[in-house]
Amino acid sequence: MLLVFALLLGLLSGSAAAEGVLFQHPLKALPHAVSRVFAQARSLRGFYSGPSGAPRLLVFFDPDCPFCAHFWQHFHRLHTPFRVFWVPVAYVRPSSLGRAAALLQATHPARALTFNESHFHFHQHLGGLMPAYTVPAALQAAIRRNTRFWHRELGFLPCFFYQGRQGAHLMLGTPNAFQWRQIATHAQTVWPTP
C-alpha cells in the first residue's frame, strides 16, 4: 500500500519523468521488481553523506534538475539524519554530465552537493557547482551507466529507495513531513547483501 501511495505521490508532486520499465510490471510483481532494481542500483557509482549508523536511503538525482534541488532543500531541513547514497545521473541538461563528474571527483562530494543544491538557479535549471571542464572516460562511462540504468528502470527524478522491515520501498518526488517521519521510522540502517 505504501508503495502504491509513493507512486501516486511522485506523479502528483512534480518530477522530471520518462517511462521506466519498473512501472510496466503488474501490481503483484512490483515489490519483487522494486527489490531487484534497488539491489542493482547499489552497484552504481555514487557517494555517501550522513552518519553511518543512520537509516539509509539511495537517491537518484540530476545536478541540474529543479525537482531534485527542491527535494534536497526539503531533505536538508530534516531534523532526522539519514545515511544517503547519492547516485548522479546526466539527463536534464547537457551540463548535467559535467556537474555529476564534478560531484564525483570532489574531495568532499557531500559538501560539493550542498553547494550545488544550495546555490541552484531555479530560473535557468542549473546547479550552482561549476561543471567539470574535462571528464575522464572512465568517469563519463560510470555516469552514463547510472543514467542508462535510471532511465531504463525508473525514469522519475528525484526518486529514492530505502530498505524497510518488509522489503525495499521506492518513493518518487519529495515526501512531506509526515512521510519523512514514517520513512525515518521504517528505514533500516543496513542493506541486505545482494
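The values are calculated or read from the model by the stated rules, or taken from the named source; none is laboratory data. No experiment lies behind these values; they were computed from the predicted model shown. All Cβ positions, even for glycine, are placed from backbone atoms using ideal geometry, and neighbour counts span all protein chains on display. Just the protein is used for accessible areas: all its heavy atoms, side chains included, with ligands, DNA and RNA removed. Shrake-Rupley method; radii C 1.70, N 1.55, O 1.52, S 1.80 Å.
From the P(r) of the chain, can you give the percent of Cα pairs sitting at distances over 25 Å? Before the final figure, lay out the partial values.
Numbers: 5500 of 18721 pairs.
That tail contains 29 percent of the Cα-Cα pairs.
State in Å² the accessible area per residue of the chain; use a 1.4 Å probe, count heavy atoms of protein chains only, and round to the nearest integer.
Dividing the accessible area of the chain by its residue count gives 49 Å².
Would you tell me the accessible area of residue 43, worked out with a 1.4 angstrom probe on the heavy atoms of the protein chains, in Å² to the nearest 10?
In the full protein context, residue 43 sits at about 70 Å².
What net charge is computed for the residues neighbouring residue 89, neighbours being all others with C-beta under 13 Å from the C-beta of residue 89, Lys and Arg scored +1, Asp and Glu -1?
That sum, taken over residues with Cβ under 13 Å, equals +4.
For residue 185 and residue 54, calculate 0.36 nm times their separation in residues minus their Cα-Cα distance, and state this gained length in nm to one decimal.
Taking residue 185 through residue 54 to full extension adds about 46.1 nm, to one decimal.
Can you tell me the order of 139-151, 88-100 when each peptide is scored by its average per-residue count of other Cβ atoms within 10 angstrom, highest first?
Final packing ranking: 88-100, 139-151.
State whether segment 67-115 is rounded, prolate or oblate according to the following rule on the C-alpha gyration tensor (a ≥ b ≥ c being the square roots of its eigenvalues): a/c under 1.5 gives rounded; otherwise a/b larger than b/c gives prolate, and the remaining case gives oblate.
Oblate, because a/c is 1.5 or more while a/b does not exceed b/c.
Helix 109-118 sits at what angle to the longest principal axis of the chain, using alpha carbons and giving 0 to 90 degrees rounded to 10?
With both axes taken from Cα atoms, the answer is about 90 degrees.
Leaving out ligands, DNA and RNA, and with a 1.4 Å probe, what % of the accessible surface on the chain is carbon or sulfur? Each step should come with its number before you reach the end.
On the way: 5690 of 9550 Å².
Here it works out to 60 percent.
Can you give the calculated 222 nm mean residue ellipticity of the chain, where each DSSP H run of n ≥ 4 adds -39,500 (n - 2.57) and the sum is split over every residue, rounded to the nearest 500 deg cm²/dmol?
My calculation for the chain gives -13000 deg cm²/dmol from helical runs alone.
So which cysteines in the chain don't have a second cysteine's C-beta under 4.7 Å from them?
159
May I ask you to evaluate 6.51 cos²θ - 1.76 cosθ + 1.60, the Karplus curve with θ = phi - 60°, for each residue of segment 170-185 and list the ³J(HN,Hα) values in order in whole Hz, giving x for glycine and proline?
Per residue, the Karplus-derived 3J(HN,Hα) values read 10, 10, 10, x, 9, x, 7, 4, 4, 5, 4, 4, 5, 5, 4, 6 Hz.
What angle do you read, to the nearest 10 degrees and between 0 and 90, between the alpha-carbon axis of helix 30-41 and the longest principal axis of the chain?
The answer is roughly 30 degrees.
What is the calculated FRET efficiency for residue 133 to residue 165, with r their C-beta to C-beta distance and R₀ = 41 Å, to the nearest 0.05?
0.35
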